[in-house]
Each structure stands twice: as C-alpha cells, then as structure tokens.
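Here's the structure, in structure tokens; my notes come after.
Laboratory data are not the source of any read-out in this text; all were calculated from the coordinates shown. These numbers were taken from a predicted model, which means no experiment stands behind them. For neighbour counting, all protein chains shown are included, and Cβ atoms are generated from backbone atoms with ideal geometry for every residue, glycine included.
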Amino acid sequence: MFDLRKESPNGERTAVGIDPCSEFLQLAILSPKCEPEFKKLPLSPSITEEIVKSTDPAKTQIAIESYGSYGKLFIFELLKRGYDIREVNPHVSKKLAGLYREEHSDLRDAESLAKALFLIPDLPKVSFSERKLWLSKLSRSRKKMIKDLNGYLNRLHRALVESYGVIYKKLFKILFSKKALSFFESYPTINDALSRKREVTKLIGKAKCDLLLQLGQWEDGFYLETLRMEIRSLIEIIRAIDKVKKELAKRIEEIGEEDKEMKILKTFPGIDSLTGAALLSEIGDIERFGRESSLSSYCGVSPVRWQSGTGRIRSKRRKRFSRRLRGTLYFISLSQIRINPESNKYYWRKRREGKTHWQAMNALSRQLIKIIYYMLKNPIKDLLL
C-alpha cells in the first residue's frame, strides 16, 4: 500500500489535523513512526497544554480548515508556542475526505486535514497578531449584526404591510430612520394612526393622513393586537442591534487610529477603517504571502491555467479561495469605479473587450490587490512613525 508518511516531503514531521466545532476539537495525529492517533478534546483553555504534551512544536505541522467561528483563541495560543499551522481550503479537505472513504465524520475530516499536509506542500500559513485577532472578531461580529439587522427590517416590512397595507411606504422614505421607527412604535397599525388623527397629522402632514383615511380601518381583534405586539418587539430588537453595530464600528475606528497597517490602507481612496479592518482580518500577516500572486490566488481573483489533451490552454475560475476576502475586495472595487476615474476607465475598457461585468470586476480586483499587497509589504516609513 502507498504510504503517505514515507513519501512525505515533511520528512519526520508529525502532521496534526484539527476539525473544530462548537463544543470540542477533533484531532488526527499522523506520525511517520506510529499508528494514527485520534483525540476528541473539549473546547477549553486547557487544550493547548494537551497538544503540547503530545507533540513537539519544532517537529509538528498543524492543518486546520476554518478558525473563523470556533477555536481561534486556541490557534492563537498554538502560534505563540511556535507551531507551524497551515490553512486548508474547505474545497480541498472535502475532496480528500471523499478520496479515501465514503463515510463522513469529524474524525475522518480531521484525518483528511492531516493528510493534506503531506500531499500539498505549499498550503498557506496561518499567522496573525493579537491585534489582528481582535480586529477579525470585531469585523465579523459587525458583519453578522448587519445581516441580522437586515433580517429584522425585512420582518418589520412584512408586518407593516399587513397592518397598513403597501401605503405605509409612502409615509416615510426610509423605514430605518429614527422618525419612522418612532412613528410605527407609537402607531403600529392603521387603526392606531386613525384613532389619533390630530397627532398623526402633525407628525406626517395632512396629505399623508388623508391617504390613510381613504383606506379605512381593519376590524380590531386578537390578530391585530398580536400584530401590534410583533411590530413593537421588532422595533425594539432593531434598535438594540443597531446600537451594538455602532459600538463595534466605533471600536474598529479606535483601533484604526492606532494600527500601522490600517493607517497605510486608509491612504488608499475608498478604504475606510471598516473596510480596512475587514481586509486585514482576512489577510492576516502579509508576510505569509511571499509573492503578490499568492495573495491574488488566496483572494480568488487570479485564474488558473487549464489544459486537457491537445486542447488549447485556457483560463479557469479558481475554486480554492477566501470568500470573505473576495467579497470585501468586490465592494472596494465597486467603490473604486464610482470615485476613481482610472478604475472606472479600466473597468469599461474590459467591458469593451467583451468581458462580462463579473469578469471586468475580477480583473479590477486583481489590480487593486496588487496595490494593496505592495502597500502592506513596502510601507512608507513616514506613515509608521
């Protein structure tokens, strides 16, 4: 049987695959001279010591698929201990897991991650500072808050359509405005608004109040009362989420005033503290990318060469990349088209060449990540003072 350990470019090094979940870490330890060992450790501060007891940092490589949600503190502790940790794209680990066995389990997932260390020698290193760890948590938490906020706003929209009809959209231009939320909290249904016409007329004007009068009222009852309670509860939740979102944004801004790399990125038009935080938290330590092309590949904006048989060589879209980083880069590119004449010209030149919107955006993103890479790699000394 083909022995991965004997043919391994890692030589005598031990490979450890770690599959994190919400409550525990599944470990697979593959050593050249021992049988595979599997451990299931509860997610707690003590697990770092458990790993250190079983392995030597100088002779161990660790592979992990994702450390965005669970186990990031654990990974940071291992980095401080001197472990060489590599990131395996989920697309690769799933292919490897299915290559050896059809069954699926956390144990087999961890084993496939460990085997990736033997099969793929150039896996990207995991490297980040405590400040990057902090930025990443703040940035991702804020992004989740925005997603949750949009979800609750959509629910509020549906509830108001029920209680007012689609006419409610004509009362306020922006549903999320303080004035709109305050109004619908006081008058969650059309019945409530029409029962206090004088007050409502002062708030929204006679013309809009007359629109409500033309529609009439619902028959009041249990369902309408439930709708009132739902609308007021949704508004309370929306305000709470928005408050936390703003606090997170403020904290990111404060870090941006102190962080050297953030200062560098903010000199680039279209990148503010929030966008810069998203970039830095996903890129991590820029030194883990030896070349600009490595970062472009990690972002998914550089194509791969594809050739089969006697067919011509063509470009193909990458499957292994950081989707969070690519998404952030896409929004920066959109901003560049709007505010930067050179980026706008480049985008439309690509469109005239016959490229689709997504292909042109991808080409622009590639140019932007080159600039970002060299800005971080070769910082202007004055900005670091």
Original post:
For the cross-link pairs Lys53/Lys137; Lys33/Lys125; Lys143/Lys245; Lys72/Lys132; Lys266/Lys370; Lys132/Lys263, which exceed 20 Å when the distance is taken from alpha carbon to alpha carbon?
Top reply: Lys53/Lys137; Lys33/Lys125
Original post:
Out of the DSSP beta bridges found with both residues in the chain, what percent are antiparallel (nearest 5)?
Top reply: 65
Original post:
Tell me, what is the percent relative contact order of the stretch 132-258, built from C-alpha pairs under 8 Å that lie six or more residues apart?
Top reply: 42
Original post:
Amide H neighbours of Phe321 under 5 Å, counting only residues 5+ apart in sequence or on other chains, H built in-plane at 1.01 Å?
Top reply: none
Original post:
Between Cys21 and Lys147, what length in nm is gained on full extension when 0.36 nm per residue of separation is reduced by their alpha carbon distance?
Top reply: 43.1 nm
Original post:
For a label point 7 angstrom out from the Cα of Tyr374 toward its Cβ, which stretches of the stretch 274-291 have the backbone nitrogen within less than 15 Å?
Top reply: 291
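Based on Cα coordinates alone, diagonalise the gyration tensor for the stretch 4-126, multiply each eigenvalue by 5, take square roots, and list the semi-axes in whole Å, largest first. Before the final figure, lay out each step's value.
Values: eigenvalues 75, 58, 37 Å².
After diagonalising the Cα gyration tensor, the semi-axes are 19, 17, 14 Å.
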**OP:** In whole Hz, with x marking every Gly and Pro, tabulate ³J(HN,Hα) for the stretch 348-360 from phi via Karplus 6.51 cos²θ - 1.76 cosθ + 1.60, θ = phi - 60°.
**Re:** 6, 5, 5, 5, 5, 6, x, 7, 6, 4, 5, 5, 5
Original post:
Dipole of the stretch 185-306 (Lys/Arg Cβ +1, Asp/Glu Cβ -1, origin at the Cα centre): which of Leu211, Ile190, Ser233 lies farthest to the positive side?
Top reply: Leu211
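Pairs of Cα atoms under 8 Å, at least six residues apart: use those to get the relative contact order of the stretch 226-309, whole percent. Present the calculation step by step, with values, prior to reporting the outcome.
Working: 26 pairs, mean separation 13.2, N = 84.
For the stretch 226-309, the relative contact order is 16 percent.
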Original post:
Using a simple spin-label model with points 7 Å from Cα along the Cα→Cβ vector, what separation in nm is obtained for Trp358 and Thr226?
Top reply: 4.2
Original post:
Can you list residues whose amide H is under 5 Å from Leu25's amide H, if they're 5+ apart or on another chain and H is modeled 1.01 Å from N?
Top reply: Leu41, Leu43
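Relative contact order (percent) for the chain, with alpha-carbon contacts under 8 angstrom and 6 or more residues of separation? All intermediate terms of the calculation are to be shown ahead of the outcome.
Working: 485 pairs, mean separation 51.0, N = 385.
Across the chain, relative contact order equals 13 percent.
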Original post:
At what distance in nm do the modelled label points of Thr267 and Glu12 sit from each other, each positioned 7 Å from its Cα along Cα→Cβ?
Top reply: 4.8
**OP:** Scan around Arg86 for amide H atoms under 5 Å from its own, H built in the peptide plane at 1.01 Å from N, and keep only partners 5 or more places away or cross-chain.
**Re:** Ile62, Ala63, Ile64, Val126
